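Down below is the structure, laid out as structure tokens.
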Amino acid sequence: MSKVLELREKRAKAWEAAKAFLESKRGADGMMSAEDTASYDKMEADVVNLGKEIERLERQAAIDAELNKPTSTPITNKPNGDPDGEEKKGRASDKYRKTFWNAMRRKNFYDVENALQVGTDSEGGYLVPDEFEHTLVEALEEENFFRSIATVIQTSSGDRKIPVVASKGEASWIEEEGAFPESDDAFGQISIGAHKVATMLKISDELLNDSAFNLEAYISREFGRRIGSKEEEAFFVGDGSGKPTGIFNATGGAADGVTTSTANITFDDVMDLFYSVKSPYRKKAVWVLNDTTVKALRKLKDNNGNYIWQPSVQAGQPDMILNRPYHTSSYVPELAAGAKVMAFGDFSYYWIADRQGRSFKRLNELFAANGQVGFLASQRVDGKLILSEAVKTLKMKTASAG
């Protein structure tokens, strides 16, 4: 039995024990004593920690599988063809990649001009090689899960116009030989532009001159972490001013599917949110919420006495809320009066537009006195929910005055 499967079964048993404890200690008013609450919280924390350990082991397995892949590929070119295979062009070429990183490492590297002119950025610096750009996108996806459930498109310049059907025509019953009624679809459009997100990091001269230091991996991971975190925040709560428009933003975000009638979330509230999304969108719908909200939902039951949160006991299967998978993010608002705290729907209708090319620039003199070299990284991106009915949010009751 694999370690992951063993931990999944252990977590499932721990959750059953926590539920049984909760049932046995609840009083007639549905509340527990402070001592019992502390005990239950510890049992629930054990379930959460087991889940995190399972995720870590699964990530390790994925990394091991990647490292065990063959380091070379078979020759597929035709006899008498290029023995090195088909040469890649532009920013995908091996020459561009090699000279790009030489330019990043060394202050006066003039041999790059011819090789890098294809990737010159209008604001200075050089566009990232294709292979590294792909690596950076992978790093963003690890840090920012939202990209894995949204639709990501590439734009070259200017605003991207997305046609949207605002209302659909319909058929009508008519008499024999009667006139066919006109009923046209109404079309609108949503414009996606590009907002700039940027960051800077400093690396010592010693590290740059150390051939053992993997500059590519470090910059990929660090820039991916910084930009991915800032992106995810905007995709959830961005106000559209100089940044993408977030799902939970009052203007341009998802519409409220339900507003709670009390200060706490009930099973009926979750069920109402589920059915506020039309059936076609529920087929691929997921929940998005904060960890604190998940904790509150773990105590809720359906009308048959079953808890609506269920842990996964099978590898590759996520935990579920009402039999639909969920994702958590610290950028989703926490439980508070008047706040939107949950979203449910098909997030593929949230479109992320990447302006092609992420740019790097090396700063030689700014930090020279400290023996450091600065690196700037920037990306232009926008994001919007293009069909509001595809995703709905749950809003908490506003606190009463006085």
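Here are the numbers:
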quantity: Hits in the range 90-108 - residues which are touching a Gly at 6+ places or on another chain (Cβ under 9 Å) and modelled with pLDDT under 70; calculated: Gly90, Arg91
quantity: From the options Asn290, Asn264, Asn306, Asn249, residue that is touching a Gly at 6+ places or on another chain (Cβ under 8 Å) and either closer than 30 Å to Phe21 by Cα or in contact (Cβ under 8 Å) with a residue 12 or more places away in the chain (or both); calculated: Asn249
quantity: Among the residues listed as Ser172, Ser191, the single one being surrounded by fewer than 19 Cβ atoms within 10 Å (Cβ to Cβ), touching a Pro at 6+ places or on another chain (Cβ under 6 Å) and at pLDDT below 90; calculated: Ser172
quantity: Considering residues of the range 206-263 that are modelled with pLDDT under 90, touching a helix residue (DSSP H, G or I) at 6+ places or on another chain (Cβ under 9 Å) and of a type in the set (A, V, I, L, M, F, W, C) only, the residue surrounded by the most Cβ atoms within 10 Å (Cβ to Cβ); calculated: Phe223
quantity: Filtered residues of the range 149-169 (kept if over 29 Å from Asp94 (Cα atoms) and at pLDDT 75 or above); calculated: Ile149, Ala150, Thr151
quantity: Qualifying position, being within 18 Å of the chain's Cα centre (by Cα) and of a type in the set (Ser, Thr, Tyr), among Tyr326, Tyr275, Tyr307, Tyr281; calculated: Tyr326
quantity: Qualifying residue in the range 43-52 (condition: assigned to a helix (DSSP H, G or I) and of a type in the set (Gly, Ala, Ser)); calculated: yes
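The values are calculated or read from the model by the stated rules, or taken from the named source; none is laboratory data. What you are looking at is a predicted structure, and each value in this text was computed from that prediction instead of being measured. Cβ coordinates were reconstructed from backbone atoms using ideal geometry, including for glycine residues, and neighbour counts include every protein chain displayed.
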